Amino acid sequence: MTSQAMDNNDDSAGLIEQVQQAVDSKTPVTVSGGGSKNALGNQGATQGSDGSDGSTTLSTLAHQGIISYEPTELVVTVRAGTRMVQLNEALAAAGQMLPFEPPVFNGATIGGVLACGLSGPRRPFSGSARDYVLGTRVINGQAQDLAFGGEVMKNVAGYDVSRVQVGAWGTLGVLLDVSMKVLPAPELELTLVQHANQGDLQAFVPLVRKPLPLSGAMLIDDTRYLRLSGSEAAVRSAAAELGGDVLEDNSLWNSVRDHTHAFFRGAKQSVEGEGKTLWRIGVADFAPALELSGEWLHEWAGGQRWLLTEMPANDVYRVVAAAHGHAMRYSVGATDEPAFQPLEGAMQNLQARVRDSFDPLRLFNRGRFHPELDVSSNVEAARA
Amino acid sequence: MSADPAFVTEASSDASILSQQQAHQRIARREKAAAELSQLVDPQAVLWSIEQLRPYESDGLTAMKATPLLVVLPETIEQVQAIMRWAHSTQTPVVARGAGTGLSGGALPHEDGILLGLAKFNQILELNPEQGFARVQPGVRNLAISDAARPHGLYYAPDPSSQIACTIGGNVAENSGGVHCLKYGLTVHNVLAVTIVTIEGDLLDVGSPGHDSAGYDLMALLTGSEGMLAVVVEVRVKLLPVPPVAKLVMAAFDTVEAAGDAVGEVIAQGIIPAGLELMDKPAIQAAEAFAKCGYPTDVAALLLCELDGIEEEVNAQVAGVSKVFEQANASSLHIAATEEERLLLWKGRKSAFPAVGRLAPDYYCIDGTIPRKQLSHVLQQMEQWSAEYKLPIANVFHAGDGNLHPLIMFDAGKPGELHRTEELGSRILQLCVEVGGTVTGEHGVGMEKINEMCVQFDANTLTQFHSVKAAFDPDGLLNPGKAVPTLQRCAEFGAMHVHHGELKFPELDRF
Ligand SMILES: Cc1cc2nc3c(=O)[nH]c(=O)nc-3n(C[C@H](O)[C@H](O)[C@H](O)COP(=O)(O)OP(=O)(O)OC[C@H]3O[C@@H](n4cnc5c(N)ncnc54)[C@H](O)[C@@H]3O)c2cc1C
């Protein structure tokens, strides 16, 4: 089954033209897809609501559609502005899925999902967004139309620029098209519900080192949820081994993934009403409970932890760094504290040079990701 | 591959082609560098006599040779840092080397540079079965990690056929794969973090013990970067539970094309085997003669299909693929009866390269990847070219991934035969690009496929690669001239096409 999208869904020429104008006039560009993640990241130099710094917005929405999809090749190539809902539907129709199970926030596009590097509950068991990206077509900060990687599973020609685009928040280029590896959807999926002690993360540790068909593991209050996926035989036997109440309805996982679960709805209210902050904390699954007060929801067998807290950002960053992890603010900031774990020293310098190598004028999403990477003599020169 | 005889001869004969004066200057430079480096490491760890340098002249791609200024074998990270600072301040090129099993000339020395051998970094620093990881030095052999993990029921998944010898540092540099990467991924999917030394001598931790880290995903850039961006001095790998059950289905076919089509059908059934390997007749016969593993030798193609996981699942999948193979007209079907037999059948596959090596004085291994649906087309075209060039080709490859390894058999002793082999290899790689694939799936570009990179990437993209390199290594001191061709070189390669390889290349310029 190959579906060829119509050409009037190809807006690459228009997007390249827009970037070229931005380069010529040295105007910062805010890259946007479905806008579902506008509240995430830093406000950014280019995000003033009145656009007072003269920045322009570049929307990928007119550049959409599936370019090619061949289930037997396990590869799909799509335009960045394709809505997640549409992409998931096409894959499901062929009995396949994106193995990194990305969140589907309202209106989200695949370009936005990859730029923000988002993965869902399956992540610790089957891999992350970047693991499944095979190739990209990108507009760099010089308005050049570049293609990296490809549609094949193994490719080591040139540096892996496609994967480094994932989670770069658009600061290394505008994603035009992406090729991803897809996998067959499991024959059966079910959820086990087990009683657990509050904050008992250590129970996950032995589980994830066993050859079990796990595809989700989370702890909400005093309940542990395990999701099993695979052939009917494998899932049933693992369910018997692990024990717990069996839930055939798996919608819980999507609600956590998409932040429609009660925890996240409550968090939204506390953020708006009480000035609390929601944090996403990435640590090793075996990292002990963190000394941060607030309400927790633990995903990824303890590798992704959500915290709703009143604590100041600096405390969160300090405690998380000590646990060899990193934190990201997941709600609109009440203050101008950074939204991402700050980079320091030689690592900051190296990352700034990487940014420079793609976007020497630092036009894309300036200030949105790690503002410390955007301070450069080049930017000064561009302004002059 | 470089159809580049000028480079080979100039490089290999060291002083003989250089003028007397140049040779003297070189010796003086070598002596000075040796004296300076002997201040930084044990003088015994600085090799600089021609006899000592000989073993380091090439990696697994023996057609290309060069003598480095000297070889230095540090044993601590501090020494690596000091060496890098020295190289940076003296603007001396640095080529890192693991076990030297690379097949693309990635560890080919630079004549004016030092070869940084990491063989002494051979310790497993930590193996944590509870937390599922190992921290190892870069010179640790791939198989040594799995051997150490196995008593705990764990292993390191990527298993290149060279795993007895190749190092994890080399694996990271090449993003190596193995026969099991269809299901378990490549090096990039199995390495959590690395510690690197930059050309300035800075020590940086990249990646994290968790699932992601702040800032850009530099792990993605470093993995597969062929020693062009930094020197890896420590690697943290993920250990996976050994699957409780593994079963191997061996199916024989009357044509290679039928076997190729069966591969696509397996995937279409929603089954992802742990490994799915294809061998053609010359490869089967060579492997059987070498490993005596029980392959049928009168068939055109064999598929080795491994299913692993929980017993119930594996049984269902074995039934599933068996049905697919029957429907694809397999002439015979065999399921390894015992664990010994399963390992023996794999042994044949894993020793296919050296086995083919016994059929001809030399062989040349190609490493293109193509979309699976192009398998029959590309295999047929290769057969035709093989006849045209009068050079036999054996095929043994990662069919599930579409990663081809045609082995061209030749005799380097016959005048012009290496050159024709390289030309045939280059045509095959260009065909891979034409059908939507790539010039290298897992062996890297190195020096070997530098020209074919010009076919795969346009000038702007190559320039972007150079900018990435410059972000790490502004002076272009790490492994200069490899992996990404200069635009000038591509212009010359274009000319070569017109003149069928008669043009000689000037010495590579440094980026
Ligand atoms: C018989 C045979 C079978 C093979 N089978 C496979 C296979 O199945 N799959 C596969 O992928 N490959 C295979 N290879 C190729 C080769 O073994 C791999 O590329 C391997 O990863 C190279 O490791 P090495 O330690 O020998 O590296 P080397 O050859 O020493 O170096 C390779 C590259 O890595 C760089 N490098 C080495 N160490 C470091 C470091 N610490 N820091 C930075 N850069 C470094 C070098 O500069 C060079 O560019 C095979 C080779 C042979 C000879």
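We did not get these values from a lab; they are worked out from the coordinates using the rules stated. Everything numeric here is computed off the predicted structure, so don't read it as measured data. Note: ideal-geometry Cβ built from the backbone for every residue, glycine included; neighbour counts use all protein chains shown.
Taking H placed 1.01 Å from N in the peptide plane, check which residues at least 5 places from A:Leu58 or on another chain put their amide H under 5 Å from its amide H.
Placed amide hydrogens put A:Thr30, A:Val31, A:Ser32 under 5 Å from A:Leu58.
First check a/c for chain A, with a ≥ b ≥ c the square roots of the eigenvalues of its C-alpha gyration tensor; if it is under 1.5, answer rounded, and if not, answer prolate when a/b is larger than b/c or oblate otherwise.
Details: a/c = 1.97, a/b = 1.26, b/c = 1.56.
It comes out oblate by the Cα gyration axes.
Return the Rg/Rh value of region B:255-411, two decimal places, where both radii are evaluated on C-alpha atoms and Rh is the Kirkwood radius.
Across region B:255-411, the Cα-based Rg/Rh ratio is 0.96.
Read phi for every residue in region A:355-369 and hand back ³J(HN,Hα) as whole Hz from Karplus 6.51 cos²θ - 1.76 cosθ + 1.60, θ = phi - 60°, with x for Gly and Pro.
So the J values, rounded to whole Hz, are 4, 4, 5, 9, 9, x, 8, 6, 8, 7, 6, 4, x, 6, 9.
Would you mind checking the radius of gyration and Dmax of region A:274-358 based on alpha-carbon positions, in Å?
Both quantities, over Cα of region A:274-358: 13.8, 42 Å.
From the mean inverse distance of alpha carbon pairs (Kirkwood) and the Cα radius of gyration, derive Rg over Rh for region B:74-228.
Values: Rg = 15.4 Å, Rh = 16.1 Å.
Taking Rg over the Kirkwood Rh, I get 0.96.
I need the per residue convex hull volume for region B:85-165, using only the alpha carbons, in cubic angstrom as a whole number.
Convex hull volume per residue, Cα atoms: 106 Å³.
Just to confirm the number: angle between the C-alpha axis of helix A:313-322 and the first principal axis of chain A, 0 to 90 degrees, nearest 10?
60 degrees
Apply the Karplus curve 6.51 cos²θ - 1.76 cosθ + 1.60, θ = phi - 60°, to the phi angles in region B:382-397 and return the couplings in whole Hz, x for Gly and Pro.
5, 4, 5, 5, 4, 5, 4, 7, 6, 10, x, 10, 10, 10, 8, 7
With each run of n ≥ 4 DSSP H residues scored as -39500 (n - 2.57), what mean residue ellipticity at 222 nm is computed for chain B after dividing by its residue count and rounding to the nearest 500 deg cm²/dmol?
One gets -11000 deg cm²/dmol as the mean residue ellipticity at 222 nm.
Classify chain B from the C-alpha gyration tensor, please: rounded if a/c falls under 1.5, else prolate or oblate depending on whether a/b exceeds b/c.
The shape class here is oblate.
For the protein assembly as shown, with only Lys/Arg (+1) and Asp/Glu (-1) charged at the beta-carbon, what is the dipole magnitude about the Cα centre, in debye rounded to 20?
660 debye
Running Debye on the protein assembly as shown with equal point scatterers at the Cα sites and no solvent, what base-10 log of I(q)/I(0) appears at q = 0.08, 0.09 Å⁻¹?
Listed by q, the Debye log ratios stand at -0.72, -0.93.
Regarding region A:188-257, what's the average projected area of the Cα-atom convex hull, expressed in nm²? Working shown, then result.
Details: hull surface 17.6 nm².
The number I arrive at for region A:188-257 is 4.4 nm².
Run the lone-cysteine check on the protein assembly as shown: no other Cys C-beta under 4.7 Å from the residue's C-beta.
Among the cysteines of the protein assembly as shown, those whose Cβ sits 4.7 Å or more from every other are A:Cys116, B:Cys166, B:Cys181, B:Cys293, B:Cys305, B:Cys365, B:Cys432.
Please list 3J(HN,Hα) in residue order for region A:116-132, calculated via the Karplus relation 6.51 cos²θ - 1.76 cosθ + 1.60 where θ = phi - 60°; whole Hz, with x for glycine and proline.
Result, rounded to whole Hz: 8, x, 8, 10, x, x, 6, 3, x, 9, 10, x, 9, 3, 5, 5, 9.
How far, in degrees from 0 to 90, does helix B:281-291 lean away from the longest principal axis of the Cα atoms of chain B, to the nearest 10?
Orientation of helix B:281-291: about 80 degrees from the principal axis.
Enumerate the residues in region B:454-474 having an amide nitrogen under 15 Å from the point lying 7 Å beyond the Cα of B:Leu487 toward its Cβ.
B:454, B:457-468
In degrees between 0 and 90, to the nearest 10, how far off the longest principal axis of chain A does helix A:84-93 point, with axes built from Cα atoms?
50 degrees
Taking a 24 Å limit on the Cα-Cα distance, which of the listed pairs B:Lys347/B:Lys482; A:Lys154/B:Lys390; A:Lys26/B:Lys482; B:Lys281/B:Lys347; B:Lys183/B:Lys373; B:Lys247/B:Lys323 fall beyond it?
Details: B:Lys347/B:Lys482 33 Å; A:Lys154/B:Lys390 30 Å; A:Lys26/B:Lys482 34 Å; B:Lys281/B:Lys347 17 Å; B:Lys183/B:Lys373 19 Å; B:Lys247/B:Lys323 15 Å.
Checking Cα-Cα distances, B:Lys347/B:Lys482; A:Lys154/B:Lys390; A:Lys26/B:Lys482 exceed 24 Å.
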